[in-house]
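The values are calculated or read from the model by the stated rules, or taken from the named source; none is laboratory data. All values derive from a computational prediction rather than experimental measurement. Positions of Cβ are backbone-derived with ideal geometry, glycine not excepted, and every protein chain shown enters the neighbour counts.
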């Protein structure tokens, strides 16, 4: 069985973007009330007394948008202080990053993934859900956040791109070119049927090999001979400083090498992004006085059955394509 030691921790379900691959346009989402979120003390207790003892040593902070969580810098500093913590990283949309980049880096955050689905302001706005009367593009603030993170020391820097047919697929080569002169790592992610199933079924998805072939035809493409913490297959343009990663859950299922679980902002532990089976409610148990040792046993049991809870099993079940939480609510 693949070693599962990587926990994605959602700090908040709210987001200042409404990305189309994350939530349906016009959806009226019910966000968690403050009292429904794990408190800082509860989250740190779970990490320190439950997750670390059962073998989790690598943590990624997500959301919603994690930079909306008050005190996020202090949270990072505390998690970094645990001697068992081998790695801590963050995924953000970058909009609030520029003024926080230095503090995050000094707190001990050394790796960061920033969503950058387009280099064009109008396309960026459309993907991020800013349409209609919203004229100002958020692209400039995100780009400033990327540059700030790079200059304070986040090197390499990862940029996540969800490729949507007919929306941003024409920018693949421009986005890939960002890796040539800087040690930036662009990750092309296949659009998945969670968050906005209607758009997924309407637009479809583009497989990673098709994208790789475009890049191969333009510059050539070689194996980077590196493996990161995640499921990306990593390549590079010959002579480039950075790399190109491809996350291909739809075309090249990687369930057999999944090394992670997800903890939602309201304390649900989820073994698979694309399968809702097997979740356990750690927050309610914690608030009911269940001891950490008992919670460890629950997590251990879920780790034992995790190989049986995956996307392939989901697709063969009766709830094909139905998801009750958006990507932002899961902390994908």
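Structure summary
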read-out	value
Condition check for residue 35: more than 17 Å from the chain's Cα centre (by Cα), part of a helix (DSSP H, G or I) and surrounded by fewer than 16 Cβ atoms within 10 Å (Cβ to Cβ)	yes
Verdict on residue 229 being at pLDDT below 90, in contact with a strand residue (DSSP E or B) (Cβ under 7 Å, 6 or more places away or on another chain) and within 26 Å of residue 164 (Cα to Cα)	yes
Options 286, 295, 263, 302; residue that is modelled with pLDDT under 95 and either out of contact with any strand residue (DSSP E or B) (no Cβ under 9 Å at 6 or more places or on another chain) or within 23 Å of residue 38 (Cβ to Cβ) (or both)	302
Among residues of the stretch 38-53, those that are assigned to a loop (DSSP other than H, G, I, E, B) and either crowded, with 17+ Cβ neighbours inside 10 Å or modelled with pLDDT under 95 (or both), counted	2
Single residue of 85, 123 found to be over 22 Å from residue 167 (Cβ atoms) and surrounded by fewer than 21 Cβ atoms within 10 Å (Cβ to Cβ)	85
Filtered residue count, the stretch 92-120, keeping only those that are in a strand (DSSP E or B) and surrounded by fewer than 20 Cβ atoms within 10 Å (Cβ to Cβ)	1
Helices (runs of 4 or more DSSP H) fully within the stretch 176-225 counting 3 or more residues that are modelled with pLDDT of 80 or more	178-181, 208-218
Of all residues in the stretch 6-32 being modelled with pLDDT of 95 or more and assigned to a loop (DSSP other than H, G, I, E, B), the one that is farthest from residue 86 (Cα to Cα)	12
Residue selected from the stretch 243-272 under the condition assigned to a loop (DSSP other than H, G, I, E, B) and buried (at least 23 other Cβ atoms within 10 Å of the Cβ), by the criterion nearest to the chain's Cα centre (by Cα)	264
Single unsatisfied condition, residue 78 versus (1) in a helix (DSSP H, G or I); (2) buried (at least 20 other Cβ atoms within 10 Å of the Cβ)	(2)
Subset of the stretch 148-173 that is part of a loop (DSSP other than H, G, I, E, B) and without any contact (Cβ under 8 Å) to a residue 40 or more places away in the chain - its residue that is nearest to residue 206 (Cα to Cα)	166
